[in-house]
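To start, the structure itself, in structure tokens.
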Amino acid sequence: MNLDSIYDLKIEDISLGYVYNSKKQDFTCIFCGETFDEGIVYEDNHNFITAKRAIEQHIEREHNGVLKTLLSLEKDITGLTEIQSKVITGLIEKKESKKLAEEMGISPSTVRTHKFYLQKLKRQSKIFLTIMSLLELQEEEVESKEILKNEKLNEELLRSSCETNSLHPFFTQYNLK
């Protein structure tokens, strides 16, 4: 799976770090494409685990978890600046603003400002996602109305062509009505 297709995934799948394919009955890592078949029991440190648990452990071990892997992606994929990524990483590691500020070479108030901005961005993102979802629904409604309209038009054309005797002259010599 390549990162271009990450945009086609549901938020739930991205947050898990894997997708489940019900037809193939397997779990696929969205970061590297490794798959784990549901019908196979995997061994892990002398324990037997399911495919779901195996993919979860794979993501933790190979990719250092979903959150850190997403944070390591490029800015044009995440939309986060390097400073924002560092602040979020500090939050993951439960660092205090003062300690994080020292490490980043900025003031603690700047760190707090970044935290505030990230919370604001979170609230705005919820509204934006809702707007885009509603727009998609509206587009789907328009498309389905167009399909229904075209079906009715085709029905009317078929009915009118059947009502008139518009067949080849050879066939019109017979009274088919």
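Could you work out the relative contact order of the stretch 82-124, using alpha carbon pairs under 8 angstrom and six or more residues apart, expressed as a whole percent? Walk me through the intermediate numbers first.
Numbers: 21 pairs, mean separation 14.3, N = 43.
Computed over the stretch 82-124, the figure is 33 percent.
Carbon-plus-sulfur fraction of the accessible area of the chain, 1.4 Å probe, in percent? Walk me through the numbers before you get to the answer.
Working: 7510 of 13670 Å².
On the chain, the fraction of accessible area on carbon and sulfur atoms equals 55 percent.
For Cα pairs less than 8 Å apart in space and 6+ apart in sequence, what is the mean separation divided by the residue count of the chain, i.e. the relative contact order in percent? Don't skip to the answer; put the middle values down first.
Working: 118 pairs, mean separation 15.9, N = 177.
Relative contact order of the chain: 9 percent.
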### Query
Mean shadow of the chain, computed from the convex hull of its alpha carbons, in nm²?
18.6 nm²
### Message
Can you return the lysines within cross-link range of Lys120? Criterion is Cα-Cα under 29 Å, with same-chain partners fewer than 8 residues away left out.
### Response
Lys10, Lys68, Lys75, Lys86, Lys94, Lys95, Lys98, Lys99
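Figure the gain on full extension for Ile131 and Glu155 (residue separation times 0.36 nm, minus the Cα-Cα span) and round it to one decimal in nm. Walk me through the intermediate numbers first.
Values: separation 24, 0.36 × 24 = 8.64 nm, distance 3.61 nm.
Net length gain for the segment: 5.0 nm.
Report, to one decimal in Å, the Kirkwood hydrodynamic radius for the stretch 77-153 based on all distinct Cα pairs. Write out the running numbers ahead of the final one.
Working: mean 1/r = 0.0645 Å⁻¹.
In the stretch 77-153 this quantity evaluates to 15.5 Å.
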### Along each principal axis, Cα extent of the stretch 1-63, largest first, Å
37, 26, 17
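Can you work out the accessible area per residue across the chain, with the rest of the protein chains kept in place, probe 1.4 Å, in square angstrom?
77 Å²
The values are calculated or read from the model by the stated rules, or taken from the named source; none is laboratory data. Please read these numbers as outputs of a predicted model, since none were measured by experiment. For the accessible areas, the whole protein counts, side chains as well, though only heavy atoms, and no ligand, DNA or RNA atoms are used. Shrake-Rupley method; radii C 1.70, N 1.55, O 1.52, S 1.80 Å.
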